[in-house]
Amino acid sequence: MKKEECIARAEKVLMHTYARYQVVLDHGEGVYLYDTDGKKYLDFSAGIAVFALGYGDEKYNEAIKEQAGKLLHTSNYYYNEPTTFAAEKLVKASGMSRVFFTNSGTEAIEGAIKLARKYYYKKHGTADSEIIAMEHSFHGRSMGALSVTGTSKYRAAFEPLIGGAVFAEYNKLESVKAKITEKTAAVIMETVQGEGGIYPADKEFLQGVRKLCDEKGILLILDEIQCGMGRTGTMYAYQQYGVLPDIMTTAKALGCGVPVGAFAATEEVAAAYEPGDHGTTYGGNPFVTHAVSTVFDRFEELNLLANVKETGAYLYEQLEALSSRHTDSITAHRGVGLMQGLEFKNPVKDIITRAMDAGLILIAAGTNIIRFVPPLVIKKEHVDEMIGILEKSL
Ligand SMILES: *Cc1c(COP(=O)(O)O)cnc(C)c1O
């Protein structure tokens, strides 16, 4: 089918929730994507920080084919091996004790919020809990996740949302302190804010929030849906801060393309959930969890964390150099590992469109920030190629 025909047909039947780029993607290979005209694109977005292994990883593809031929779905009324293995690996990677698999990141946030509320309810006997979230945060589009998402334009039309959510300023400990009441059940935050503009938590801030939560008996929920799964150089970003959350959420690269997320918690907190409190029909079925299990294996086999550290540091240097050559248009550079952002004076949509015409896929975070979240298998030569195309697109 011609590209124009596909776009026209899609525009007739899909809801207009996205202003899509005028490209019809067809297949992928390594860190490159190809459209239906055979045009090649270097991929620095990885389907929004999802495709960590790059496209066409043979062992991953074989694993999902094998599981597809064996057993896709059973419901959570029974046990199965892939789900057990995946949960064991996630527990080990995260430092948490128990896992609940979901179908998306948003659903992991819903489960985490419910768990925090249930924990509070068991402790206080009342259903009047509050949750402190951060300004500029992003946690998803369902009613619960939206309630703790800090961008008011995403929320405004959908009020009333769930009650009891208040917002504090990210990286300002005093602001969090000021929002605490005796009803505060949890603080929820991204360890590195993604959608809000690639803002890593300051060490003193995250450690300070952890200490505050400990003192006041408040749960700390860390959303690692985007910054987790190796993207910052450790399996989970909080591992670089010397803190553990009480509940964490993960998704995006967890399944590297199959729809799966999870929330995990400490033994004590997880115990607040009893049979009947929470559920999902598809969540954590053997198909997706076999993918998760394979992803964890591939991370080790490919030594991906070392590559993120090395190539991430190189990307940092190169983006610093690019920024210093374009101080007229680039106002800031932030990030860690393979999760970085360049902030511009003006909206970046035109730059991204020009880069795409020149064979480079980039995504924005907010309106003025280009976010760099490539597959974690990316090499220095790909960084050089990206910088070359981006510089010409400025
Ligand atoms: C993407 C994202 C979500 C939502 O995940 P979905 O899989 O899109 O539902 C939540 N939190 C953060 C930090 C994210 O980046």
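Taken together, the values in this text are just the output of simple stated rules run on the coordinates, not laboratory data. Keep in mind that what you see is a predicted model, and the values were worked out from it rather than measured. Note: ideal-geometry Cβ built from the backbone for every residue, glycine included; neighbour counts use all protein chains shown.
Annotations for the structure displayed:
- Cα gyration tensor shape for the stretch 83-224, rounded if a/c is under 1.5, else prolate or oblate: rounded
- Choice from 298, 141, 325 showing the highest fluctuation, given a GNM over the chain with Cα pairs closer than 10 Å: 325
- C-alpha center-to-center spacing [the stretch 37-67, the stretch 93-110] in angstrom: 23
- For residue 124 and residue 84, the difference between the fully extended length at 0.36 nm per residue and the C-alpha to C-alpha distance is 11.1 nm.
- Candidates 14, 115, 161, ranked by Gaussian network fluctuation over the chain, Cα under 10 Å, top entry: 14
- Extension gain (nm, one decimal) between residue 62 and residue 143, 0.36 nm per residue minus Cα-Cα: 25.5 nm
- Per-q log10 I(q)/I(0), the stretch 1-157, q = 0.16 Å⁻¹ (Debye; single scatterer per alpha-carbon; no solvent): -1.29
- Pairwise FRET efficiency - residue 381 versus residue 114, Cβ, R0 = 41 Å, nearest 0.05: 0.35
- Mean-position separation - Cα centroids, the stretch 270-324 and the stretch 327-394, in angstrom: 22
- Its residues counted as N, the chain yields a C-alpha radius of gyration over 2.2 N^0.38 Å of 0.98.
- Result for the chain in a Gaussian network model with C-alpha springs under 10 Å: among 351, 247, 225, the largest mean-square fluctuation is at 351.
- Taken along the Cα-to-beta-carbon direction at a fixed 7 Å, the label points for residue 353 and residue 172 span 3.6 nm.
- The slack in the chain from residue 9 to residue 203, taken as 0.36 nm per residue of separation less the alpha-carbon distance, amounts to 64.9 nm.
- Cross-link pairs exceeding 27 Å between alpha carbons, from the set 252/349; 153/179; 345/379: 345/379.
- Between residue 215 and residue 39, the FRET efficiency estimated from the beta carbon spacing at R0 = 51 angstrom works out to 0.35.
- Computed about the Cα centre, the dipole magnitude for the chain is approximately 560 debye when only Lys and Arg (+1) and Asp and Glu (-1) carry charge, each at its Cβ.
- Cross-link pairs exceeding 18 Å between alpha carbons, from the set 122/183; 177/211; 118/172; 122/216; 2/39: 118/172.
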